[in-house]
Amino acid sequence: MAVQIIPTQPFSDQKPGTSGLRKRVTVFQAPHYLENFVQSIFDAIKAPAGSTLVVGGDGRFYNIEAIQIILKMAAANGFGHVLVGENGILSTPAASCVIRKYQTFGGIILSASHNPGGPQGDFGIKFNTANGGPAPEKVTEAIFVRSKEITQYKIIDAPDVALDALGETELAGMKVEVIDSVTDYVELMETLFDFEAIRQLLASGFRLRFDAMHAVTGPYARAILVDRLGAEASAVMNAVPLPDFGGGHPDPNLTYAHDLVEIMYGADAPDFGAASDGDGDRNMILGKHFFVTPSDSLALIAADARLVPGYVQGIAGVARSMPTSAAVDRVAEELDIPCFETPTGWKFFGNLMDAGKVTLCGEESFGTGSDHVREKDGLWAVLFWLNILAIKRQPVETIVKRHWARFGRNVYSRHDYEELPSAAAQGVIEHVRASFPVLEGKVLGRYTIKTCDDFSYTDPVDGSVSQKQGIRILFEDGSRIVFRLSGTGTEGATLRIYLEAFEPNASKHGLDAQEALGELIEIAHQISELKQRTGREQPTVIT
Ligand code: G1P
Ligand code: ZN
């Protein structure tokens, strides 16, 4: 099995975004496209000969084909051992778990997360380093630089490797080990949570529904919720992973997880509902007729962490992405622990966790996690909630409202405007940026603008600086509007508007978020000239 050296030419569009390289499947299928990027990764990371790599993905269309190419390229590039999930399946948090547990050099994860899949859908690829987390910007930048100068890639000419049975095979001197996709992850969860207490909760008549959205978490949720914790099989819905996610959009929010939302807001709703996304790192938490915002979920988990075995010693600190609400900041203040505000994207949390500065972190975009891995983790969040519920034995709504009564409520919503022409979306951002001087001090209804800025972050561990991470309009009373362009979309541009107001008064905590934020929403439109510049009045998705 000879190493082939294939001449190639660079593609100009292989810059990794918020979470790796994401493009339409058809783009990845173009000759040399995937190969160029994989070779750019290998060239940039400079793994010593004989290193071990983890490979797996969320099972979406093109997952297996891509894995076969990656295996042959890994062998040609001198890797000694690859751990690959059975049938190419590893959820993103499970991949992170495996990278750490077996102390590998890193891993390649194939996913476009919550973006739709199928032949016309999206595909994605990213590299995670030895700590199990997404490569930091200096690595992704080196990959991008390499992708612009690449002239050849290396690949073995060999038949495909069988990935449908556990065990070891050899590929041109490289060991390919097919591992169970679920076991290592389940074992890790058992060390963190009180499975017996959750088992008792479920045996007491407590009813739960988990929506796997035909994505990667189906087998994980079954193994944990049904096999280990005793939930009924029907508690896991849309449990069979499909290459096109059954035609759905595997994003666990109120718009896309509609099957679950209907059940949780219907007559005879279960006590607890949750969903995860395409690759298993996101989560949505619902109570009976009640939605828990991800920002509140993070704050609540932080406040009650000591109830859970894995966190009974307390937490070192917390971190949230800048657009995430400041609910967790209030908890950190009371616990007297540090709270970090980072740019959007999980990669910024890794340094803080490696340095022992934070235990829990989260994003408003349905991402919550801890230092047990270096990715956000959907099922982990679900188990955290179940563990808290098993101890408190109160409805989800009561738990959240008591939290608000104690800390105040950070009323929160995100409005997304998807598939905008890039120039128009960019125009909105530039217009708001250019308006800073006239906006500061301006009185708009009951709000007064205190300051405006472009969020910039200096990593407290390695000193690296990330600039222009979102535009913040900060009001005197602590309310905020943030404008940001998505870094994960594949078609046109997505403008995200994040809205937050603080409500200390418990008598107003029952208000619907959109209602409570009505005036801020109008201000956001006014100062951004959104309608004139994009022709849109209504967001595509509200979360
Ligand atoms: C989005 C979310 C961000 C998350 C990322 C990956 O990125 O907003 O919080 O880390 O997906 O799941 P964006 O499209 O906003 O760049
Ligand atoms: Zn995801």
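Brief remarks on what is shown
- Hits in segment 128-179 - residues which are within 29 Å of Thr344 (Cβ to Cβ), in a strand (DSSP E or B) and not β-branched (Val, Ile, Thr): Asn128, Pro134
- Filtered by the rule that a residue be buried (at least 18 other Cβ atoms within 10 Å of the Cβ) and touching a helix residue (DSSP H, G or I) at 6+ places or on another chain (Cβ under 8 Å), segment 227-242 gives Leu229, Ala231, Ala235, Val236, Met237, Asn238, Ala239, Pro241.
- Within segment 444-460, the set of residues being over 22 Å from the mean Cα position of the chain (by Cα) and not in a strand (DSSP E or B) comprises Gly445, Arg446, Pro460.
- Taken over segment 78-105, the residue count meeting the criterion of being of a type outside the set (Phe, Trp, Tyr) and either under 26 Å from Arg24 (Cβ atoms) or surrounded by 24 or more Cβ atoms within 10 Å (Cβ to Cβ) (or both) is 16.
- Looking only at residues in segment 409-443 that are part of a strand (DSSP E or B) and farther than 24 Å from Glu341 by Cα, the one that is most open to solvent (accessible area, probe 1.4 Å) is Glu419.
- The residue that is nearest to ligand 2 (Cβ to nearest atom), among those in segment 4-18 that are at pLDDT 95 or above and in a strand (DSSP E or B), is Ile6.
- Hits in segment 2-18 (condition: of a type in the set (A, V, I, L, M), open to solvent by 60 Å² or more (accessible area, probe 1.4 Å) and in contact with a helix residue (DSSP H, G or I) (Cβ under 8 Å, 6 or more places away or on another chain)): Val3
- Verdict on Arg60 being within 23 Å of Met213 (Cα to Cα), among the basic types (Lys, Arg), open to solvent by 40 Å² or more (accessible area, probe 1.4 Å) and touching a residue at least 12 places away in the same chain (Cβ under 8 Å): no
- Some residue of segment 249-256 being within 14 Å of ligand 1 (Cβ to nearest atom), at pLDDT below 95 and part of a helix (DSSP H, G or I): no
- Among the residues of segment 19-57, those that are in a loop (DSSP other than H, G, I, E, B) and surrounded by fewer than 18 Cβ atoms within 10 Å (Cβ to Cβ) comprise Ala30, Pro31, His32, Lys46, Pro48, Ala49, Gly50.
Conditions (1) over 24 Å from Gly362 (Cβ atoms); (2) of a type in the set (Phe, Trp, Tyr); (3) within 18 Å of the chain's Cα centre (by Cα), marked per residue:
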position: Asp259; (1), (2), (3): yes, no, no
position: Phe272; (1), (2), (3): no, yes, no
position: Leu307; (1), (2), (3): no, no, no
position: Tyr311; (1), (2), (3): no, yes, no
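- There is no residue in segment 276-288 that is surrounded by fewer than 22 Cβ atoms within 10 Å (Cβ to Cβ) and without any contact (Cβ under 8 Å) to a residue 40 or more places away in the chain.
- Test: residue in segment 377-389 that is aliphatic (A, V, I, L, M), over 25 Å from Phe455 (Cα atoms), modelled with pLDDT of 95 or more and within 16 Å of ligand 1 (Cβ to nearest atom): yes
Okay, residues lined up against (1) within 20 Å of Tyr220 (Cβ to Cβ); (2) open to solvent by less than 10 Å² (accessible area, probe 1.4 Å); (3) in a loop (DSSP other than H, G, I, E, B); (4) within 16 Å of ligand 2 (Cβ to nearest atom):
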site	(1), (2), (3), (4)
Ile337	no, no, yes, no
Phe340	no, no, no, no
Gly345	no, yes, yes, yes
Leu379	yes, yes, no, yes
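- Matching residues in segment 493-543 - criterion: being over 21 Å from the mean Cα position of the chain (by Cα) and of a type in the set (Gly, Ala, Ser): Ala501, Ala506, Ser507, Gly510, Ala513, Ala516, Gly518, Ala524, Ser528, Gly535
- Residues satisfying the stated conditions in segment 297-335, i.e. within 26 Å of Arg480 (Cβ to Cβ), of a type in the set (Val, Ile, Thr) and either assigned to a loop (DSSP other than H, G, I, E, B) or touching a residue at least 60 places away in the same chain (Cβ under 8 Å) (or both): Ile301, Ile315, Thr324, Val331
The values are calculated or read from the model by the stated rules, or taken from the named source; none is laboratory data. Computed from a predicted model, the values in this text were never measured in an experiment. Because the Cβ atoms are built from the backbone with ideal geometry, glycine has one as well, and the counts that use them run over all protein chains shown. Quick note on the areas: whole protein, heavy atoms, side chains included, nothing else; ligands and nucleic acids left out. Shrake-Rupley method; radii C 1.70, N 1.55, O 1.52, S 1.80 Å.
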